[in-house]
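Each reported figure results from applying straightforward, stated rules to the coordinates on display, with no laboratory input. These figures come from a predicted structure and were not determined experimentally. Every residue, glycine as well, gets a Cβ built from its backbone with ideal geometry; the counts of neighbours run over all protein chains shown.
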Amino acid sequence: MPKREITSRGLFGPIVFSDTNETRPEKAARVLDTAITTIPSDLGGIATFPIDNFAVTAASVAGVGALMLVDRQTTAFWQDSIEPVFQNFKLPRLARAGPSWLSTESQWLLAGVSATYAFGLLANDEKAQAAATLSAKAIAYSYMTSQLVLKPLLGRNRPVDGLSSFVGDPGDFTTNPFDFGNRRGIPFRPAAFGTAMPSFHVTHYFAVARVYSGVYDNSPWPYAVAGLLTVSNISGHNHWVSDMVAGGLIGFAIGSVVLNNYDERRAGEFDLIPSVSSRGVGLTASMKF
C-alpha cells in the first residue's frame, strides 16, 4: 500500500478551484459523489495519520505532553484570568430541541455550514458546496475520533472550577492533571467523568475551520470563528488547557485529511484534453463520475 503522507499543500495549503462550466445539477452531483466516495479514504487517512505523518504527530504529542506538565498552572490561569473576560459572552440558542450533545455553539456551526451549502447550490459555486459537504464529514469524524475513541481510551477527568484555590471533594472532576484511566464506556451523552481529553467542541470547531480555510485560499477568518465559538459559554467547557490544544491539533489533522482526499479525487476525475477540429483549436473537459 502506498504511503499516504499528507503533503505540505495538504497540511497547510489551499485547494485550487477552476471553472468547470458544469450545470447546477452536474456540479452538485459531482461534489456529493466525490465527498461520499472518499469516505473510506478519509477513515483510513485519519487512522493512519500518526504513522504516515510521524514527524508532525511526534511534535504535536511532545507539545501537548509539555503542556500537561504545567496544566495545573495554565488551567488555573485560564480560569482566573481568561474566562472572566468572556463570561458574559454567550451566543443565543437557535433551537430548543435537539440532541443533548448539540451545544448552542454547535448549532451556530451547523447553521453556518447549512447556509454555505444552500448558497453553493443557488450560485452553482463549487467552493461553497465543497466547504459545506467536507465540513459535515469533518464534524462526523471529529465525533468519532473524540467521543468514540480517544475519550474512552484516555479517560482523563476534567478540572474542577476554581482550580487555583479549590478545597474539598472534587466529585467527578479533579485537581490532578494526570488523573487518567477513568472509564465508563463510550460517552454518547455529555458527562463530566473521564471525558476531558480531547475537547470535542474544539476538535470539530477547528476541523471545520481547516476545511473552510483550505477551500477559501487559506483565509485566517475560519480560525477566528473557531476561536469565537470556543470562548462562547467559556466557563461551561471545564477543560485542561492541553485538552483544548489537543482538540485543535486533532481537528486540524482531520480537516487536512478530508481536504487532501477531496483534492486528490478531483485531480483524478477532471482532465483538460487538447482538441483540434474544423472550428479551431481548444480544450475538451473530461469528467469522470
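May I ask you to list the aspartates and glutamates whose Cα is less than 14 Å away from that of residue 127, ignoring any residue fewer than eight positions away on the same chain? Partners within reach: 19, 22, 217, 263. Whole-Hz Karplus values for the stretch 181-192 come out as x, 9, 10, 9, x, 7, x, 5, 10, x, 8, 8 Hz, taken residue by residue from phi with 6.51 cos²θ - 1.76 cosθ + 1.60 and θ = phi - 60°; glycine and proline positions read x. The relative contact order of the chain, computed from alpha carbon pairs under 8 Å that lie at least 6 residues apart in sequence, is 26 percent. Coordinate range of the alpha-carbon atoms in the stretch 41-142 per principal axis, descending: 50, 43, 24 Å.
With the highest mean first, a sort of the peptides 199-212, 80-93, 21-34, 253-266 on other beta-carbon atoms found within 10 angstrom per residue produces 199-212, 253-266, 21-34, 80-93.
Approximating the spin labels as points 7 Å out from Cα along Cα→Cβ, the residue 125-to-residue 186 distance works out to 3.7 nm.
For the pair the stretch 31-97 and the stretch 181-225, the centres of their Cα atoms are 5 angstrom apart.
Summarising the overall dimensions of the chain from its C-alpha atoms, the Rg and Dmax are 21.3, 87 angstrom. Given a Förster radius of 25 Å and the C-beta distance between residue 82 and residue 193 as r, what FRET efficiency does 1/(1 + (r/R0)^6) yield to the nearest 0.05? So the FRET efficiency works out to roughly 0.50.
Dividing the helix sum by the residues of the chain, where each DSSP H run of 4 or more adds -39500 (n - 2.57), gives a mean residue ellipticity at 222 nm of -17500 deg cm²/dmol.
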